[in-house]
Structures are given as C-alpha cells and as structure tokens.
1. I'd like the trypsin sites (Lys or Arg not before Pro) in the stretch C:96-188 restricted to DSSP loop residues with at most 11 other Cβ atoms within 10 Å, sorted by number.
2. Pairs of Cα atoms under 8 Å, at least six residues apart: use those to get the relative contact order of the stretch C:70-177, whole percent.
3. Which chymotrypsin sites (Phe, Trp or Tyr not before Pro) in the stretch C:101-178 pass both tests, a DSSP loop state and at most 16 other beta-carbon atoms within 10 Å?
4. Each residue of the stretch B:250-257 in turn: what ³J(HN,Hα) in whole Hz from Karplus with 6.51, -1.76, 1.60 and θ = phi - 60°, glycine and Pro shown as x?
5. Once amide H atoms are placed 1.01 Å from N in the peptide plane, what residues at a sequence separation of 5 or more from B:K88, or on another chain, have their amide H within under 5 Å of its amide H?
6. Under the Karplus relation 6.51 cos²θ - 1.76 cosθ + 1.60, θ = phi - 60°, what is the ordered set of whole-Hz ³J(HN,Hα) values for the stretch C:158-164, x standing for Gly and Pro?
7. Among the trypsin sites (Lys or Arg not before Pro) in the stretch B:203-312, which ones are in a DSSP loop with at most 16 other Cβ atoms within 10 Å of the Cβ? Mind listing them?
8. Using θ = phi - 60° and the Karplus form 6.51 cos²θ - 1.76 cosθ + 1.60, what ³J(HN,Hα) does each residue of the stretch B:183-198 get, whole Hz, x for Gly and Pro?
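What follows is calculated from the coordinates using simple rules that are stated; it is not laboratory data. Keep in mind it's a predicted model, so treat the numbers as computed, not measured. All Cβ positions, glycine included, derive from the backbone under ideal geometry; neighbour counts span all protein chains shown.
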Amino acid sequence: MKQLKNWVLSFVIAFAVFYLMDHAMMSMQGLPLNIDMTPAQ
Amino acid sequence: MSPHKKLMTDNSGAVSGTFSDFTTRSHSAKPATASAVLLHRSMQVLFVVIIMLSALMLIPDLAWSSDAVSEVAAEIADEVGQNKPTLKPAPTMGPGDYRQIGSMSSRSFVWVIAQLHLFLAAFVLAVPLFVTVIEWIGVKTGDQRYDDMAHEFMKVSMTAYSLTALFGGTLAFSLFLLYPTFMGYMMEVFGNQVMVYALLFFLESGVLYLYYYSWYALRYGNKKYVHLTLGVLLNGVGTTLLFVANAWATFMMAPSGVDDAGVVTGGIWDIIRGPLWNPLNLHRFVANIAFGGAIVGAYAGYKMLSARTMAQRAHYDWMGYTSNFIAVLAFLPLPFAGYWLMAEIYAYSQQMGITAMGGILAWLFIVQAVLIGTILLAANYYLWNGMSRCDGSQRYTWLIKYIAGTLVVSFLIWVTPHTLILSAKEIATLGGSHHPLLGPLGIMPAKNIAVNLMLMGTFLSFQLYRRSDKVITVPWAGFGNALMVAIYVVAIANIIFLGVYYGYFTNTVYKVGSSVAQVMSTLIVIVSGVVIDSMMFKGAKTLPVKWGQISNRGVYALFALPIAFTWLMALMGYVRSSVRTHWHVYTVMKDNSVDNFIPNIGHAGNMMTIATISFLAIVLFIFWVASLGDTKQPKPER
Amino acid sequence: MTNTATTNNQAHSVRDADFISPPGKIPVIAKVLSFMILVVLVFTGIANLLPQVEGQAPKDVKVDLGALTMDSYIAMGEALFKGKGTCTLCHNNLGRAPDILVLNMEDTAAERLSSDDYKGESKDSESYFLESMIAPSKYVVPGYGKEGDPSPMPTIDKAPIGLTKIEMGAIIAFLQAKDGGEPTVALPTDAPVIEEKSINAEPPKPAANAEEVLTKNGCTACHAVLESPATLGPDLRNIGARSSREEIRESIINPAAVIAEGYPPIMPATFADSMMVKELEMLVDFLAASKGDASQAEDSSPAEGSPQTQPSNETEKKGE
C-alpha cells in the first residue's frame, strides 16, 4: 500500500513539474500550450 | 634535494610510502602556533579570492558587459594610445595580394598548421584546469592518489606546451608570408593588443614551469596552498590568452569597432568585444576541457593496456575513468554553449546563421551528428564495461540493453539525412550554393527527440554507474527511487510528445518553441538526478571497487573518444570559419584569393583527417617523451 | 576484429595474476594506432559520401545597359533574388519571412501600404519594395521579427550582400512582374551610378565556349556532364549518340516537350529566354558531339581550370 502511494505521488509530482515547465517555456516565448489540437497561429 | 628527485619517479605505490613519511615529519616539525594558523587561513583566503576572481572572468556577461568596466577599459586604452583613430579603410585585395608556397594551396597549408596549433593549445590550456581541480580534491580528501594523478597529467601536457608555441610561431609566419595584406590590416586593427598576447605568453610559460617544477617542493601544509594558488594563476593567464586570441577570430566573423569600410572607429575594447566574443569564449573554454580530458584518457588507456603489474593497471584504470568522467562532464553542457553561440550568430546576421545551419554548410551537421553519436556511444560503452569493476552493478545490468537500444535507434534517426536533400529544382534555382530549408537539425522534431533521448540515456548510464557501488540506506529510498523513475518516464513522454505534437502538427514557431522545452526536460532529469542521488547516498554503504577489472575491449572506448573529439573540433572550427564565406573580415574585407569558395565536404573532411592524423602522431610523440623521462639506463657494469 | 580474441585472453589473465603476462604478438601501440586510424577513416568516408557541393563566391555580373530590355531586366532580378541577393534563404515556405515567391507582391504591397500599422514613407509598390530593401526596419510585417527589435532582414545595399541600385531595380521589376503586373521601375540608362564593381561596365560577352555555357546555366547541378557526376537528369556525356541536334535544341528550349523516361519533369523552362543564340548553338554543337568519353574535349577551347575553383577566371576571360 505504501509502495503504491509512493508511485502515485511520484508520478503526480513529475507530471505537474513537467506540465508547468512546458507551460513556462512556451509562454516565455509568447506561445500558448495549445493542447486542444487546434492548428496553431 | 634528494626527496625531490626520488619523488619524480613515477611509481605510485612506492612513492606514496615516501610521501607519508614526509608528511608526518613536516607536520611534527611545525607545531600549530597561532601565526601558523593565521598563515594557513590567509593562504586559504587568498586561494578562494583568486578562485572567485577567475570565476568572475568565466561569467563574461557579468564582468565584461557592464558599461563601467568598458569605460575604464576604454580609458586605459586611450592612455596606451590605442584609441587614436587611424582612419584607414580595409584594403581591397586583388589576386596579386596573395602569395603561395610553390603550387600548394595557401588555404590548405594555413588550415592544417592552424588546426594543429589549436589542438595543442586547447590541450595545453585544458589540462591545468582540471589538474588544479584534481589537486584541490586531493587536498580536501587527503587522498595522495589524486595528487599523483594530477602531477602525471601535468607531465603529459608539458611537452605539448613547447610544441604549441612552435606551431603558433609557424602559423604566424605563414599567415604573414601568405596573406600579408590581410595580416597588415589585422595588425592595423588590433595594434598593441597583439603584444599583450605575447606578454601573456611569457607569463604563461613562467607560471607553467613554476607550477610544474614546484609540485614536490610545495606539496604539504601551507605550501600546498601556494602551489594551488600558482595553479589558479596559471589558469587565469591561460584563459585570458585564449580569450585574447578568440577576439581575432570573432572580429573576422562579426567585426565591431570599425565602420562599414573597415576604418577603426572604436577603442581596442570595442574591437575585442564583438557580439560573438563571449559565446565563443565560453564554448571554447568548455570544449577544451572535454578535449583535454579525452586526450589524457587515451594516455591512461594506453598505459593501462601496456601495464606489467596489476597495481599499474589499477592505477591507470582509475586514471582513465577519471579522464573519461572529465571529458563527458564537460561535454554534456557543450550543446547549450553551442546553442548560445549559434543564437548570437543568428542575432548578428540571419544570413550567416542560415548559411551555417540551413545553407551549404548544413551537411556538415550530419557529420557532426555521427561524431557526437560516436562520443556518446563510446562514453556509454565505457561506463557499462566499467560496471564490471563492482559486483553491486549486477542489480542494474538488465537496464543496459534498453539504454543501448534507445541510443542506437536515436543515433540512427539523428544521422539520417531527411528533408535536407537538395531537390534538383532547388539546385537549379539557387545556383547550387544555398539551400532554402532551415535544415532538419535546428528544428527538425524527430532529431530533437533523438538527441535529447541520447543525452538522457547517457546520464542514466552515468547514474547507474554511480549507484553500482552503493547500497542505499536512507529510509525514504522507496520514494526516492519511485520519484526518479517517474521523472525519467514523464520526461521521456514529454520529449516525445513535444516533438511529435508541435513538430508535426503546428508551424515552425512552435517547433522552435517546443525544442526549448525538450532541452529543459533533459536538464530537469540531469539536475534532479544529481540532487536526488546525492541526498540518497547519505550514509550509503559502499561496496568495494576493483580497479583494473575492466575488459580491454572496454578500454578501447578511451581511444575512440579523443579521435572523435579531435575530428569534431576540426569540423566545428571549419564551420565557424566558413560561415564568413567569401570574406576575410565579414562585410569589411573581401577574400579575393583563389580559395575564396567553400570547398565540398569531402575535401574539408580530408583536410580534417590530415590534421587529426598529424595530431595523433604528435600526441604519440608526446606520450613517448613523457614516459622517456622515467626511463633510466642502468649503469654499465664496467 | 582479430584484436578481440587477444584482448579477451588478456582480460582473463588480468584477473588471475598480479603480474600480467606480456601482451600478444601485436604490440599494444600497433593495435591502438590502427584502431584510431580506422575510426578516423570512417569519419572521412562519411564526409566523402555526402553530396559534394561547393559554395562559390558571388561573381560580379556586368550589365550592358544599352541592350537591356525589360524582360531581361526582370530575368536579371529573378536571378539576383534567388542567387546573389540570397533572398530565398529566408523568404521561403518555412515561415521565417514572408514567402515572396508565393505571395502576389503587387496586391501585398497595396495591402501593406493601406494598413494602419504602416509607418513608412512609400506611396507605391516600387518605392515600398525599395524601402524594404534599404531600410528593412521601417516597417516589419506583423507576425515577423521580434517586437521592439529591428527587422532581422539585412540592409540589401550594404555588405555582405551589397546589391547596387541597378540590381535592386531589377529585383523590384521582378517582384512587380512575377504575377503578371507591369513593372513601373525605369530601365537603367547609361551613366549609371558608378559602383566600384561596375567601373569597367562593358557589353556582356556571350560565354566563350560550351563548357562555360554549361556551368553558367547550372546544367552540371543535375546532369552528368563535364566533371559533374550528377544523376538527377539524364547523362549528357553521350547525348549525341542518343539524340539529334534538333531534339537537343528542343529539350533545352522547351524541356517539358519530351521528358526522358525515369526522370522527374523539373528542368527549368527559362533557358530560351536567358541564353543567347550564340550560346545555345555552341551548346547544341557541343552536346551533339558528345557521343562518349572520347569526344568530350571536342569543341572546347583550351582547358582553363574549373571555374568553381577559380572564380577570377571569368573576369580574366572578359579582359581578353
């Protein structure tokens, strides 16, 4: 059980970190994340 | 002094015995009086101050771009008389302004000589950099082996030093002989600055000899700090030398301090501080370390393969491992330094940037991919083989085949020329010299994925290697491992997602934008890996490492590395120089010689090979001379 | 490969004994050296396998102002746009700059001039195009360049591109005419603004020989002819054996008429305009006589080094 909690927590953290990083990197260049598959620009 | 002579002999086992005697003696002879402690402290402070000063030099934008500094420099330049406008435009040259040696191409001749000088100079400047660090580690850990190794590295670089000067002199003579008008203009522009270079060279020689020959005279206690200070001073002078010479190259690429006609309008400081100077300074500085590490790695590998005793083999195995570590550690940030340089080139002139990355030189980046791939594969192969030194590595060996698979697939994707091939129509419309595509290399999504995965795979190998001799004991080990795995998994998914989604479903702007996030993903893995590991290693149990217990085949990776580094350096230097196309000094002084065209890749490759093989011959000579110093002819019987 | 066996043996002996038996028959130095040279040769081989293209320095083309027609002026503009002007490096379909070759530039210019953002001084397309070349930062098209920064476009009449007024005029004529418009730019008359390059402006001489025609028109980029091994178009070294003079002439003037089997229809149809009659005839003579390797040298004046390696050749020839 504790193991499961470790894994879930780890993935949640990693996912959040990378999502925020993507967001930050793209917005620094003035671009939206544009995840909804709409053609960019 | 007899200890001095005895210590010069290169036999680590026997020597360290002598050393420890020496240590105890010197320590007991000097009781820790207040003044001694004070001296010790002040030595340390001096050392730290000098380190910080040189660190400041390495953050060029902090130290150099501040206006206050440049004003002061301009004032100094005024006083020296540099700032007097000479009001002479750059001469326009005709074919008669060039000379030739027989029927030999002047460009080819200067090409090889300059390349050899740069190889040697890079090596000579790099070795003291990590030698001083290793020496410092030796002081901190109290482990004599570090000190011995640092000294042995220095020994190898000493012979290379005089050869560097010889090739530098030959290069200068051949430039003045073959390109007199061009060199005349360069002297006009740089003026007394070249004498500063000469002066620094004297200083470099003095400090270098002092550093090397005082090694055993200043080995313990406070004297060691004097010696370390000498080392830092040596690196300060050496790095300044490098930066001074870089200014000539960057002035030719992106002239500053002159007007459109090449008339000198600014002070020497304006001329030196062109837009590409600092990026090139950083890039060359870091690349030199990687290069130097790879060369001494080959030395260690060669000594290990020809070792006669197990102790020798173990010593050189460890030395080879350290060299490889230095080379790879310095190599990993290089793409980022290269990115900065390239970005500044684009900012200075889009045209120049595109000529390099998407124009006629773009194919060279395919060769670059092969070389970097070779370096990464060799470094990984060496790490995997090195894991056999420790039994604890068996826990991780199952992962190697996946890393290897990823590396190979990524490598193949990377080197596959894709959209770059010139179509016939394009050749016809462009006259064969430029290509309109930006090239797959800067932004091509598949290749970005591949490169980042390769870097990440290399880091994973490195991480596994570091973990192989440890048993982690911290209570949160389970969470730490899970977090590390999660970071890898999410990072890989993120890199692939960014590459595929933005790369293939949106436009160029997004491709460039997402590549930054891809690189950041790799950086996050590296940084978090180092942080998490160092926290998890607290109180970890260490398993014994059996140095020398690596297959000979693994050691061959140590020979592939320097070859790839050397060739890569020749290649990228050629690209850097060629982006000027038909200009001696871009936009200011045209190259009207018979060699003002960009040769085809095959020809350039052959020139690089000539330079590399010549360098190889020189390096072998250096290694041989270095070992000759240890050979003593037995006294004849009669 | 023979190394592997010996190294394996050695590796075993290492673990067993404190003293290592001397290495096998081949000295370590020889093994290491041959390994390193092998690696170097692999790299060299790869460099030699890639397409071999040389980048020549742009040559100064001399214009005969007396004989210049608007059509040839437009053609000159197109050549400059795609060649010496290096415009297509950025103005292409990659989004780095507006794709001029695709856009209708007359309409585009009118649109830009009437836009509220436009801050420049131009009133018509001619002055707008010129302004864009000599003062690119006057007006940066929305979506390009970076806010606040000057335009990334270089100033076209300055180094390193350094086009002359006449050359920029040619480009304007090309931009105006390429979508069917009527060029408003005036043909340059004599007494041009003397640029250092055009001081000795003299009438354009037709190419001196067929080889020069071939290289001048870029034939070698696709066809195997002269030194070129290119395979994108049919091999021309033995074309004389396959085709008649008439067929050869037709294929140059109107390439689309007959497409050789197995080749893409990509040959430009512009040679009828760009080649002088004398040049065309020289070329047809040369190709008709090319029936195999032996006849190569025929019809060519004394060999004078490949123009690629000696850019100064052309000027020297002109002075004859």
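1. Values: sites: C:R96, C:R112, C:K119, C:K123, C:K138, C:K146, C:K158, C:K165, C:K178; in loops: C:R96, C:K119, C:K123, C:K146, C:K158, C:K178.
Here the sparse-neighbourhood loop sites are C:K119, C:K123, C:K146.
2. Values: 107 pairs, mean separation 41.6, N = 108.
Computed over the stretch C:70-177, the figure is 38 percent.
3. Numbers: sites: C:Y118, C:Y128, C:F129, C:Y139, C:Y144, C:F174; in loops: C:Y118, C:Y139, C:Y144.
Taking the stretch C:101-178 and a limit of 16 other Cβ atoms within 10 Å, the loop chymotrypsin sites (Phe, Trp or Tyr not before Pro) found are C:Y118, C:Y144.
4. 6, 5, 5, 7, 9, x, 9, x
5. B:V264
6. 10, 4, x, 7, x, 6, 7
7. On the way: sites: B:R219, B:K223, B:K224, B:R273, B:R284, B:K303, B:R308; in loops: B:R219, B:R273, B:R308.
Counting only loop positions with at most 16 other Cβ atoms within 10 Å, the trypsin sites (Lys or Arg not before Pro) in the stretch B:203-312 are B:R308.
8. With the stated coefficients, the stretch B:183-198 comes to 5, x, 5, 4, 5, 4, 6, 8, x, 5, 4, 5, 6, 4, 4, 4 Hz.
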